[in-house]
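This report refers to the structure that appears directly beneath it.
Readers should treat all values here as calculations from the given coordinates under stated rules, not as data from a laboratory. Note that the coordinates shown come from a computational prediction; the quantities given were computed from them, not determined experimentally. Note that each Cβ is placed from the backbone with ideal geometry, even for glycine, and that neighbours are counted across all protein chains shown.
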Amino acid sequence: MTSSAWRVPLIGALVTFALAATVLMIMRPLMAIDETRYLTVAWEMWTGSSKIIPHLNGGIYSDKPPLLFWLINLVWGVFGQSEWVARLVAPFFGLLSVWLVSVLARKLWPEAPERAGLAALILATTGVFLIFGSTTMFDTMLSAATLLGMIAIWGLKDGLRTGPVIGLGFALGLGVLAKGPVILVHVMPAALLMPLWARGEGRPALKGWYGRIGIAFLIGFALVLFWLGPAVVLGGAEYREQILWKQSAGRMVESFAHGRPIWFFIALLPAYLWPWGWSRAGLAALKPSHLWADAGSRMVTIWAVSALVAFSLISGKQAHYLLPELPALALLLSGLLPTAEPRMRALRLLWLLPGILVAIGAVAVHFGAFPELPEGSGSWLFLIVGLVILAFAGFVLMRAREGWRAEAFVAPLVLVAIQAMLWQILWSVYDTRPIAELIASHSAQGVATTDGNYAGQFSYAARLETPVNVLDNSADLGRWMADHPGGLVLAPKALEGVDGLTEIAERHFRQRDWRLYQVAATIAPAPEPASDPAPVPVPAQPAPAQPEAAQ
């Protein structure tokens, strides 16, 4: 590969990620609870709540900083209010990360320019990165911030230039505004452990190095203060406690959401490596001798391993927490993959394993293996379409002369095949529109819900102009009904023995049968309870909405 030929795979990587992410978004509805919650928070900001402090259901939302919500409001202001415009914001940062990983590769290994294009192609077509990179979440923004930080850290070793110091500060500030202080876990180990990866005459003086790291940290903190200062003043004592402690350090010490065993991320390594690490060349690239071969490889290895260890020790864990480390894997894998030989082609069919497993499950749906799914969730048409796409992926794998070229097609084709096979299930179980349309047509007098874990699943889809009132107990329900004659009550379980409510519809959503009740036009005022009010009946919830982890 010539010194300029890296641009061809880079362009291919950018086009492939953009097309694959767009197709995957089109093939599925907004996924509750995360995507629907984040668009509802952005929507409440758009319809009049604070532009500084995010809100959900009319109350302060402290789980995440505001950058994603700001950007969604910005694109709405430029292009008009649209679900699809909003859903493109987070994937844009995935696309940015694909480009940034090529920039970092060129800086780490200028003598091997082909690695820049390959690293971008590997990241763009890694399965986990495509899945989460096509969703409305915070992790692609965090990935881009992490890559900017790594580019700046590598630049710091070349002398007393101010550009890398400012760049590292900007990356830290961007990361905090994107997802909170967790950016420090992704970026700072590589900076603080510089003596391990920079050796010989090229190693910077320790005093100057750590001084510049400190200055960069202060720059990042100053950037965050432009938001955090007004936020902690306007948000009050409760918001200060949530945003400064509970949503960051508190979750790391003892998670109250997403608790997982210490080996959780180790068990997910095969998924993170699919498909590029599922080959002889991919595994060879991860040998210790290659991981520690040069300064660039050592820095990237410290970046990946330190995050894996840190997040394994942190109590709360989710699969997408290590998304910012997938560029590190792409960089490491880019070293040996071009030498992959065409022998043992039959083993390439193992790369289709995720699609084959889903196909087995999709067939089982037609034979009643999943009775909890609503009737009509299975579709032979979509199953056949998915199987055809999967077979085409297998054909490409077997015909390609070099395995590394074939791998670029695996994840996009297999993921599209999977979503085709699951099309009917996704839209019958996760589509919020059937309930949202009913809510929108009956919302003039206000909307309330007896679901104490309501996370805005239907608020954005219904384009509600006022927040949904979350009712904690029967007394709250009675008072709300008295204040909102003709209002709508959304309940995940039948409300029995409640006078003044008429059930107008029942719809299935995420393994629950939601009922919509309309309040009578005239309701007697609710008497004050003589003792503690009884709770509103709430169903057993197989997967209740929980507060998110800050990572």
Under a plain spin-label model, where a point goes 7 Å from the Cα along Cα-to-Cβ, how far apart in nm are residue 392 and residue 465? 4.6 nm
Between 50, 135, 265, whose Cα lies farthest towards the positive end of the dipole of the chain when Lys and Arg beta carbons carry +1 and Asp and Glu beta carbons carry -1, centred on the Cα centre? 265
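Restricting to lysines 8 or more places apart or on different chains, can you count the pairs in the chain with Cα atoms under 15 Å from each other? Provide the component values of the computation, followed by the final result.
On the way: 51/64; 64/179; 64/246; 107/157; 157/207; 179/246; 179/317.
Value for the chain: 7.
Specify whether the C-alpha gyration tensor of the range 258-337 places it in the rounded, prolate or oblate class, a ≥ b ≥ c being the square roots of the eigenvalues: rounded for a/c under 1.5, otherwise prolate if a/b is larger than b/c and oblate if not.
Numbers: a/c = 2.42, a/b = 1.62, b/c = 1.49.
Prolate.
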Ranked highest first by the average count of other Cβ atoms within 10 Å around their residues, in what order do 171-178, 353-360, 91-98 fall? 171-178, 91-98, 353-360
Assign one of three labels to the range 433-519, namely rounded, prolate or oblate, based on the Cα gyration tensor with a ≥ b ≥ c the square roots of its eigenvalues; rounded applies when a/c is under 1.5, prolate when it is not and a/b is larger than b/c, and oblate otherwise. rounded
Taking θ = phi - 60°, what integer Hz values does the Karplus form 6.51 cos²θ - 1.76 cosθ + 1.60 yield along the range 87-97, in sequence order, with x for Gly and Pro? 6, 8, 5, 5, x, 4, 6, x, 4, 4, 5
Packing-ranked peptide list from 123-132, 445-454, highest mean Cβ count within 10 angstrom first, is 123-132, 445-454
List the residues whose amide H sits under 5 Å from the amide H of residue 56, counting only those 5 or more places along or on another chain, with H placed 1.01 Å from N in the peptide plane. 61
Once you place label points 7 Å from the Cα toward the Cβ at residue 26 and residue 81, how far apart are they in nm? 2.6 nm
Placing +1 on the Cβ of each Lys and Arg and -1 on the Cβ of each Asp and Glu in the range 345-429, which of 357, 379, 427 has its Cα farthest towards the positive end of the resulting dipole? 357
Residue-by-residue Karplus 3J(HN,Hα) for the range 298-308, coefficients 6.51, -1.76, 1.60, Hz, glycine and proline x: 5, 5, 5, 5, 4, 4, 6, 5, 5, 5, 4
Using only the Cα atoms of the range 75-129, build the gyration tensor, take square roots of its eigenvalues as a ≥ b ≥ c, and label the shape rounded, prolate or oblate: rounded if a/c is under 1.5, else prolate if a/b is larger than b/c, else oblate. prolate
Per residue of the range 389-400, what does 6.51 cos²θ - 1.76 cosθ + 1.60 with θ = phi - 60° give for ³J(HN,Hα)? Whole Hz please, x for Gly and Pro, Karplus curve as stated. 5, 5, 5, 5, 4, x, 4, 4, 4, 6, 8, 5
Taking the DSSP beta bridges in the chain as the whole, what percent of them are antiparallel, to the nearest 5? 75 percent
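Students often check this: by mean Cβ neighbours within 10 Å, which of 309-319, 492-502 ranks highest, and how do the rest follow? Numbers along the way, then the final one.
Numbers: 309-319: 17.7, 492-502: 14.5.
Going by the mean number of other Cβ atoms within 10 Å, highest first, we get 309-319, 492-502.
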Among [x] 26.0; [y] 25.3; [z] 23.4, which is the computed Kirkwood radius over Cα pairs in Å? [y]
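Given the Cα-Cα distance of residue 287 and residue 215 and 0.36 nm per residue of separation, how much length would full extension add, in nm?
Additional length available on full extension: 22.3 nm.
Fewest Cβ neighbours within 10 Å first, please rank 107, 287 accordingly.
Numbers: 107 15, 287 11.
Exposure proxy ranking, most exposed first: 287, 107.
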